[in-house]
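To start, the structure itself, in structure tokens.
No value in this document is a laboratory result; all are computed from the given coordinates. Only a predicted model underlies this, so the values are computations on that prediction, with no experimental measurement involved. Backbone-built Cβ (ideal geometry, glycine too); neighbour counts: all protein chains shown.
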Amino acid sequence: MTSTVQSGQNRHDGELVARVRRRLAGAGSGTDPRTVADALRAETGGVTGHLDLLDALRLLRHEFVGAGPLEPLLADPAVSDVLVTAPDEVWVDGGAGLARTGIRFPDEEAVRRLAQRLALAAGRRLDDAQPYVDGWLPGAGPHGRVRLHAVLPPIAANGTCLSLRVLRPAAHGLGALRRLGTVDDHGLALLGEIVTARLAFLVSGATGSGKSTLLAALLGAVPPAERIVCVEDAGELQPAHPQFVRLVARPPNVEGAGEVTLRELVREALRMRPDRLVVGEVRGQEVCELLTALNTGHDGGSGTLHANSPSEVPARLEALAALGGLGRAALHSQLAAAVHVVLHMRRHADGRRVLAEIGVVERAGDTVRVLPAWRPDGWAEGRDLLARLLEAAGGGLPC
């Protein structure tokens, strides 16, 4: 009996929302709270009780404002991903793997409407002719930047799929990462030597492994007199550094105009007198400009890169450089001269993010390979090469 009553209530609420939406659309009205309340009273004949009115306004707010019923999930500082796979299947990743929530949408159409509204807010089109979308929701808001991905049926065979990834400012210092267990004392000392020696490095790892968090911590350890110019796809890095300048890429608008790419911003960053040049995430042909920049006197540059292990970094960079017309031989030659160290992050099943390996870049004939130099359980074969790099810069391996 309870499920029957609830089903009837859902249908009633959905019909009311549809009537209010049609009234607002027909009047060309906005969706501010007062306008929505007036439209609601008009549709109910003005006889709705206060509690019913509040419930209906809450439902309508979910329809017209923010991320609707998903907004509380995005506001939770522990949540990194919100995934909708069906009206009654809303999942979150709170650091310990995916967990199903109690949030429910009235029906498939409600999920589709939310996805289309968010796509419009991101300046994208989402309809039968363009059934998938990838973009950024405007503004940082209280919960950081939110990346949107959505797919409509029939591409998504079982119904609209909505994915929201929250990119919160990565602002932990190295000391905080030590307390969190991301790195041990010996690894912490080694990271400090790498920063002080101005070795160029890449932070590799999978999505959500903590790459940006580690990079922000390392940038916070850069001497305050050095100017850092950072190019990002999203304003995620927020190191505690007085000379940190951020340039953020811009996607095209709904007409396909106005795009500013990371590759263009890397070129602009070179004209801004950087002591260190940073690319928040190397994901395309901007790798060509980054390697060129690091080979023109900009020591201590850095960036993050998706890769399964340090040993796979050269192959990953080969694929990205090919997008920019840089051949394999040229890529390996520039990589050998531009990047010294690879720091690899890994996320464990229990949600812990740890520095799993420090690798050192070594030229091997006409190619480059990354040798493991340090792991949490001790030194590895690349130790001596890393020691030489640090000693050449006036430093050395920690005791």
In nm, the gap between the two label points placed 7 Å beyond Cα toward Cβ at ALA330 and LEU385 is 2.4
Let me have the relative contact order for the stretch 174-392, percent, based on Cα pairs under 8 Å that are six or more residues apart.
22
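If you count, for each residue, the other Cβ atoms within 10 Å and average over each peptide, how do 147-159, 275-287 line up from highest to lowest? Walk me through the numbers before you get to the answer.
Working: 147-159: 15.8, 275-287: 22.8.
With the highest mean Cβ count within 10 Å placed first, the list reads 275-287, 147-159.
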Take peptides 185-191, 388-394, 231-237 and line them up by average Cβ neighbours within 10 Å, highest first, as a rough protection proxy.
231-237, 185-191, 388-394
³J(HN,Hα) across the stretch 153-160 via Karplus (A = 6.51, B = -1.76, C = 1.60, θ = phi - 60°), whole Hz, x for Gly/Pro?
x, x, 4, 8, 4, 9, x, 4
Quick one: compute the contact order of the stretch 129-228, relative version, from alpha carbon pairs under 8 angstrom and 6+ residues apart, as a percent.
21
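Restricting the count to DSSP beta bridges whose residues both fall in the stretch 174-392, what percent are antiparallel, rounded to a multiple of 5? Spell out each step's value before the answer.
Working: 17 of 37 bridges.
Antiparallel: roughly 45 percent of the beta bridges in the stretch 174-392.
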HN-Hα J couplings of the stretch 147-152 from phi, Karplus 6.51/-1.76/1.60, θ = phi - 60°, integer Hz, Gly and Pro as x?
9, 9, 9, 9, 9, 9
Length gained when the stretch LEU98-LEU270 is fully extended (0.36 nm per residue, less Cα-Cα span):
57.8 nm
